[in-house]
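The values are calculated or read from the model by the stated rules, or taken from the named source; none is laboratory data. Bear in mind that the values here come from a model prediction, so they are computed numbers and not experimental data. Virtual Cβ from ideal backbone geometry, glycine too; neighbours counted across all protein chains shown.
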Amino acid sequence: MTNRLEPPLMDDHKPHVDDSHAGHDGCCGHDHALNVIEEPLDPASQSLSDALKASFRVLKVIMLVLVVLFLLSGVFSVGTDERVIVQRFGEIRHNYGPGLRFAWPYPIDEKIRVRMSPKEFELNSFWINLSESEKLKPLSDLDPRSMTLDPAKDGALLTGDHGIMHLQLVARYEITSPEKFVQNVSSEESLIRSVLENAAIAEAARSTIDELWKGKEEVASRIRARAQDALDLIESGITLVDLTAPKSYYPLQTKDAFINVSTAEQTKRDSIQGALSEQAKKLNGVAGEAWKKLHEQIGLLDQKLEAAQRQAVIAEINRILVEEAQGEAGGRIRMAQSHKQEIINRAEAEKQLFEAVLTAPEYQKNKELIRQRLRQRAISELFAQSGVSKWLMPAGDKQVMLWFNKDPVQAREAERAALKSKTEKK
């Protein structure tokens, strides 16, 4: 749009100006107001002006739409198995759970998604490097590629007893603290691999080759505890839910030697187990279940030095033998108790009979006769007992040489009786 200034009007058309408001230079006329007259634009200029106005209006609409889209780009959804950590200029501002959420678009806010469901990680750093065809075969059917182990290809662990074992580990873990995880963990897989490798190396150095071969799950449990301590130390926010050892194997180069050692170890264990079974069988046959208590008390007896303590232990052993022992020992003890009672009863009966004889009137009349009869009966009972040998001495004061050898007939009969008794027991 153009403006054109008209020249000053003639004096007869000049508007009245109050000279009282003029300054010292009022005569010059520089402070006098000039009238501005706008003339209509030509069609081209008018079209250009309309186009510029329309462009500005469109630009405003576009800018408004962009602002709305910019703001809407901050709206996002969070899944049921994840959390979203919002950082504003490197500082954590929000920890969003499942649902529809809002954050300022980047670069104001940065959204980091963290998967909360458990994950699985397989560690093959200490396992044999197998081809795809070898993985389909049992390890016992594989032959070593070379006579020596190549650490650049096959991983292995060095045990505390200077052995070498291959071990495969599978870890299940989950992120329990998203804030700590975002702040302190840059590479999740690298961290898990590193802590598991360090923990496995440390635990293998404290274990034997037999533990890794036969008790690999127990070793895996100790590895998990050590790795979890390392993760907690750096506040990683990661929890190892489980750690298993699906496979462990000896180096293929040591196959024959390992089989020989395993066979010898198995033979040793079988021998020990057989000896323990035989021990339990014999002791059960001797004293029944009470042999365990007897064994314990006998061990205590060897530890006691004071006489009073030893007597107390001996008293407990006697009590167990009398009250709890079964088997051969219990049977003999009960038989001895029964025989003891029989002897006591017989002695009591003989005592009563002897007292009755002493008080009988016949004894007062013929004391010597009754004594001779009692002596003869005692001698007859003594000679009637088995195992008693008799020697006949000639009368008089002659010197006699005696050879105290058992009667061969009686010895033979006694041996036959002993063999018969053993046969009947079997």
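Scanning region 218-262 for residues that are over 17 Å from Met165 (Cβ atoms), touching a residue at least 60 places away in the same chain (Cβ under 8 Å) and of a type in the set (S, T, N, Q) yields one hit, Thr239.
Part of a helix (DSSP H, G or I), within 30 Å of the chain's Cα centre (by Cα), on the phi < 0 side of the Ramachandran plot and surrounded by 10 or more Cβ atoms within 10 Å (Cβ to Cβ): is that true of Ile320 in this structure? No: the conditions fail for Ile320.
Restricting attention to region 90-140, the residues being among the charged types (D, E, K, R) and either in contact with an Asp or Glu (Cβ under 6 Å, 6 or more places away or on another chain) or in contact (Cβ under 8 Å) with a residue 24 or more places away in the chain (or both) number 9. Checking Glu203, Glu278, Glu197, Glu189 one by one, the residue that is in a helix (DSSP H, G or I) and at pLDDT below 90 is Glu278 and no other. Checked against (1) out of contact with any strand residue (DSSP E or B) (no Cβ under 6 Å at 6 or more places or on another chain); (2) surrounded by fewer than 14 Cβ atoms within 10 Å (Cβ to Cβ), Leu130 passes all but condition (2). Among residues of region 378-426 being of a type in the set (Val, Ile, Thr) and farther than 30 Å from Glu350 by Cβ, the one that is modelled with the lowest pLDDT is Val400.
For Met165, the criteria (1) buried (at least 17 other Cβ atoms within 10 Å of the Cβ); (2) not in a strand (DSSP E or B) hold in every case but one, which is (2). Set side by side, the residues Leu158, Leu123 differ, and just one is under 18 Å from Ala245 (Cβ atoms), among the aliphatic types (A, V, I, L, M) and surrounded by fewer than 15 Cβ atoms within 10 Å (Cβ to Cβ), which is Leu158. Confirm whether Asp229 is at pLDDT 95 or above, more than 28 Å from Arg145 (Cα to Cα) and surrounded by fewer than 14 Cβ atoms within 10 Å (Cβ to Cβ). Yes, satisfied. Going through (1) exposed (fewer than 15 other Cβ atoms within 10 Å of the Cβ); (2) in contact (Cβ under 8 Å) with a residue 24 or more places away in the chain one by one, Leu196 falls short only on (1). It is to be established whether one or more residues within region 281-288 are more than 27 Å from Ala312 (Cα to Cα) and surrounded by fewer than 13 Cβ atoms within 10 Å (Cβ to Cβ). So far as region 281-288 goes, yes, one or more of its residues are more than 27 Å from Ala312 (Cα to Cα) and surrounded by fewer than 13 Cβ atoms within 10 Å (Cβ to Cβ).
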